[in-house]
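The structure appears right after this line, and notes come after that.
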Amino acid sequence: MFKHVFLTGPPGVGKTTLVQKACEALTSSGVAVEGFYTEEVREGGRRVGFDVVSVTGKRGILSRIGCSSGSSAGRREHRVGQYLVDLVSFESLVLSLRPSHPGGRAVFVIDEIGKMELFSQDFIRAVRQMLGSSGRPVLGTIPAPKGRPLGLVEEVRSRSDVKLFIVTKENRNHILQDIVAALQESLGQTA
């Protein structure tokens, strides 16, 4: 039996879009949705970074292109490629999000568990706690395997209580119903 639903696939394939559409479908069927997703930030048509956005619309910086700001003096820099991760901003938004519908029909969204997010030990602990608790199902995303394995990502991928959907350009336009059905099934098991 699975409890949690995760999407995986290459960057840009549409995982976040599917998460957002699944959230809309769940909300319209009376399911409470909490958590966050990651969104590209573009300026002049060019990607300059990523923000984390709560499902209620609160926004925080995850990363930006470029050199460190003066405000990070004395703190360790975390980089993924050309992006500088703003751990303080990320943690202040994401770690404040806690499930608030005890016992009700609710899903918690974690989009995504990736390299940038994994610089936060507090985030790793919070995700493990949420996946291990008897509470609500999680709808999340993890990157496709590439290069060196990421500990928490591989933990999620190998959990027996996770149903994993592999998103491709070929299936992304018709996989939404299967994702929502899996979450509804999981909600039925936890009710």
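Structure summary
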| item | result |
| --- | --- |
| The lone exception for Leu118 - which of (1) farther than 19 Å from Val31 by Cα; (2) touching a strand residue (DSSP E or B) at 6+ places or on another chain (Cβ under 9 Å); (3) crowded, with 17+ Cβ neighbours inside 10 Å it fails | (2) |
| Residue that is surrounded by the most Cβ atoms within 10 Å (Cβ to Cβ) [pool: residues in region 11-65 that are among the polar types (S, T, N, Q) and closer than 21 Å to Val167 by Cα] | Thr38 |
| Any hit, region 9-17, residues being in a loop (DSSP other than H, G, I, E, B) and under 17 Å from Arg136 (Cβ atoms) | no |
| Qualifying positions in region 48-77 - at pLDDT below 90 and not small (Gly, Ala, Ser) | Thr56, Cys67, Arg75, Arg76, Glu77 |
| Count of region 159-184 residues which are more than 14 Å from Lys21 (Cβ to Cβ) and open to solvent by 90 Å² or more (accessible area, probe 1.4 Å) | 4 |
| Odd one out for His101, checked against (1) outside any loop (DSSP other than H, G, I, E, B); (2) more than 26 Å from Ser63 (Cα to Cα); (3) modelled with pLDDT under 95 | (1) |
| All positions within region 121-146 that are modelled with pLDDT of 95 or more and of a type in the set (Gly, Ala, Ser) | Gly140 |
| Enumeration of residues in region 137-150 that are open to solvent by less than 30 Å² (accessible area, probe 1.4 Å) and not in a strand (DSSP E or B) | Pro137 |
| Region 130-180: number of residues that are more than 14 Å from Val5 (Cα to Cα) and aliphatic (A, V, I, L, M) | 3 |
| Filtered residue count, region 135-145, keeping only those that are out of contact with any strand residue (DSSP E or B) (no Cβ under 6 Å at 6 or more places or on another chain) and touching a residue at least 24 places away in the same chain (Cβ under 8 Å) | 2 |
| Filter result for Ile166 (in contact with a Ser or Thr (Cβ under 7 Å, 6 or more places away or on another chain) and closer than 14 Å to Val13 by Cβ) | yes |
| Hits in region 28-50 (condition: touching a residue at least 24 places away in the same chain (Cβ under 8 Å), out of contact with any Cys (no Cβ under 9 Å at 6 or more places or on another chain), of a type outside the set (Val, Ile, Thr) and not in a loop (DSSP other than H, G, I, E, B)) | Ala32, Glu34, Phe36, Gly49, Phe50 |
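So that you can scan it fast, the table gives a plain yes or no per residue for (1) of a type in the set (A, V, I, L, M, F, W, C); (2) in contact (Cβ under 8 Å) with a residue 60 or more places away in the chain; (3) part of a helix (DSSP H, G or I); (4) touching a helix residue (DSSP H, G or I) at 6+ places or on another chain (Cβ under 8 Å):
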site: Val107; (1), (2), (3), (4): yes, yes, no, yes
site: Lys115; (1), (2), (3), (4): no, no, no, no
site: Leu131; (1), (2), (3), (4): yes, yes, yes, yes
site: Leu152; (1), (2), (3), (4): yes, no, yes, yes
site: Arg157; (1), (2), (3), (4): no, yes, yes, no
site: Glu170; (1), (2), (3), (4): no, no, no, no
site: Val180; (1), (2), (3), (4): yes, yes, yes, yes
site: Leu183; (1), (2), (3), (4): yes, yes, yes, yes
site: Gly188; (1), (2), (3), (4): no, no, yes, no
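The values are calculated or read from the model by the stated rules, or taken from the named source; none is laboratory data. Everything numeric here is computed off the predicted structure, so don't read it as measured data. Glycine also receives a Cβ, built like all others from the backbone with ideal geometry; neighbour counts cover every protein chain displayed. With ligands, DNA and RNA removed, areas are computed over all heavy atoms of the protein, side chains included. Shrake-Rupley method; radii C 1.70, N 1.55, O 1.52, S 1.80 Å.
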